[in-house]
Amino acid sequence: MTDIRPFRIAVPDDDLADLRDRLARTRWPEAECVDDWSQGIPLDYTRSLAQYWADGYDWRAREAALNRFDQFLTEIDGLDIHFIHQRSPHPDAFPLVITHGWPGSVVEFHKVIEPLTDPTAHGGRAEDAFHVVCPSLPGYGFSGKPSRTGWGVQKIAEAWETLMGRLGYDRYGAQGGDWGAAVTTMIGRNRGHCVGIHTNMPIALPPGDLSNLSAAEQDALNAMAHYQKWDSGYAKQQSTRPQTVGYGLVDSPVGQLAWIVEKFWSWMDCNGNPENVLSRDELLDNVMMYWIPGAGASSARLYWESFHVWGSTERVELPTGVAAFPKEIARSPRSWCETTYNITHWTDMPRGGHFAAFEQPELFVDDVRAFFATVR
């Protein structure tokens, strides 16, 4: 099947009632033994956010806001792929596929889709316009859940090439962070009809010789060491036993909330509080993209399929733009990235972290516009 079917988010009332019931019946652990987040997301904060989710969060209003974007489903290799396809009012707009990662979703892009598609209404020029496509990764959000192995980064990159062709785009660009960076990098290696890629999390390894390091290289190594020691347990679990962790995530809304929001705290440039950057509603919008479809296990399986890709240094020869945000998980300096990418555009950002479009939409939009102006 190659048909494209319209889609709107419409969560059944029974699912929302079940969520509230589960939140009310949460079996809470005791409080952490420290006065910070070093043992994980604190009990008081988690209870407060869960209480708001149950009593203050208006999903129907949030659902309506997300439904302002044109959404569709299409079947690719036996799997339904959900995607936003927002066409620009400007006829010469450039097609762009933007890919999220874990623990993100298409919700990350809700502040950048309109400036990208209609730049003249948001401080830009008509020649900066994009037709924007934001797919949900397989097993994430409202995309189908693979029932067999094989849906790794390479297959997803091939599926996005199929998707863009199915939408009538024979020339396009690709952008992504986190798993979206891995997919976008693979699209760049595959070439196909893609003419340039942009990422806010380039994949690069340190050189063999670690003597005479620059300040940027030492900072990158320090960030890698911190991640490995304190921040990578989720990845080990999801890349080895995703099914095991999935039971708790799919059964407990607070478990799913804590698993996700702790990473937003850790990976955003938020000065110790995720609500310094995102509202509670935005945090919960993203959690809902996992809770409602029960994607705790299916999303984790991408780690089992493809965690090895982060060690690949196969070069991307397509023109590549990089937006380097200071609080990214992996802060690979340009000197490391040059071996993996044909970098034609590099921006060191003044602020921002892992969820670039969500955290710093204006900086993100400006850099995407600037890079793709060179390859249109």
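Efficiency by 1/(1 + (r/R0)^6): what FRET value for HIS193 and ASP15, r their Cβ-Cβ distance, R0 = 41 Å, to the nearest 0.05? Kindly include the intermediate steps, with their values, before the conclusion.
Numbers: r = 38 Å, r/R0 = 0.94.
With R0 = 41 Å, the Cβ-Cβ based efficiency is 0.60.
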Problem - Dipole moment magnitude, nearest 20 debye, region 170-320 about Cα centre, only Lys, Arg, Asp, Glu C-beta charged - result: 440
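Any of LYS111/LYS236; LYS145/LYS229; LYS111/LYS145; LYS155/LYS229; LYS111/LYS263; LYS111/LYS155 with alpha carbons more than 25 Å apart? Name them for me. Can you show the working numbers first?
Numbers: LYS111/LYS236 32 Å; LYS145/LYS229 31 Å; LYS111/LYS145 27 Å; LYS155/LYS229 31 Å; LYS111/LYS263 20 Å; LYS111/LYS155 28 Å.
Table pairs above 25 Å Cα-Cα are LYS111/LYS236; LYS145/LYS229; LYS111/LYS145; LYS155/LYS229; LYS111/LYS155.
Quick one: if you take sqrt(5λ) for each eigenvalue of the C-alpha gyration tensor of region 1-133, what semi-axes come out, biggest first, whole angstrom? Let's see the in-between values first.
Details: eigenvalues 263, 82, 45 Å².
Semi-axes, largest first: 36, 20, 15 Å.
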Fill in the blank from the handout: HN-Hα couplings for region 265-274 via Karplus (6.51, -1.76, 1.60; θ = phi - 60°), in whole Hz with x for Gly/Pro, come out as 4, 6, 9, 8, 8, 10, 6, x, 9, x
Completion exercise
Given [x] 19.9, 61; [y] 22.8, 70; [z] 21.3, 66 as possible values of Rg and Dmax of the Cα atoms in Å, the one from the coordinates is [x]
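Per the 1.4 Å probe, what fraction of the accessible area of the chain, in percent, lies on carbon and sulfur atoms? Kindly include the intermediate steps, with their values, before the conclusion.
Details: 7630 of 15570 Å².
Carbon and sulfur atoms account for 49 percent of the accessible area of the chain.
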Fill in the blank from the handout: Counting only protein heavy atoms and rolling a 1.4 Å probe, one gets per residue an accessible area for the chain in Å² of 41
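Calculate the dipole size of the chain relative to its Cα centre from +1 charges on Lys and Arg beta carbons and -1 charges on Asp and Glu beta carbons; express the result in debye to the nearest 20. Let's see the in-between values first.
Numbers: 33 positive and 49 negative charges, 146 e Å.
Taking the Cα centre of the chain as origin, the dipole is about 700 debye.
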Fill in the blank from the handout: Within the set SER239, SER211, SER266, GNM on the chain using Cα springs under 10 Å gives the largest fluctuation to SER211
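Please work out how much length the chain gains when fully extended from ARG351 to TRP230, using 0.36 nm per residue of separation minus the C-alpha to C-alpha distance, in nm with one decimal.
Values: separation 121, 0.36 × 121 = 43.56 nm, distance 2.24 nm.
Stretched fully, the ARG351-TRP230 segment lengthens by 41.3 nm.
Is it possible to state the helix-based mean residue ellipticity at 222 nm for the chain, with each DSSP H run of 4+ residues giving -39500 (n - 2.57), the sum divided by total residues, to the nearest 500 deg cm²/dmol? What is it? Kindly include the intermediate steps, with their values, before the conclusion.
Numbers: 15 runs with 152 residues, N = 376.
Helix-only estimate at 222 nm: -12000 deg cm²/dmol.
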Exercise for the section: In whole angstrom, note down how far apart the Cα centers of region 284-338 and region 183-199 are. Expected result: 14
Completion exercise
With 0.36 nm assigned to each residue of separation and the Cα-Cα distance removed, LEU213 to GLU317 gains 34.8 nm
Practice task
Give the relative contact order (percent, whole number) for the chain; include only Cα pairs under 8 Å separated by 6+ residues.
Solution key: 19
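The values are calculated or read from the model by the stated rules, or taken from the named source; none is laboratory data. None of the values given here were measured: they were computed from a predicted structure. Here Cβ is always computed from backbone atoms with ideal geometry, including for glycine, and neighbour counts include all displayed protein chains. Just so you know, the surface numbers come from the protein's heavy atoms only, side chains and all, with ligands and any DNA or RNA stripped out. Shrake-Rupley method; radii C 1.70, N 1.55, O 1.52, S 1.80 Å.
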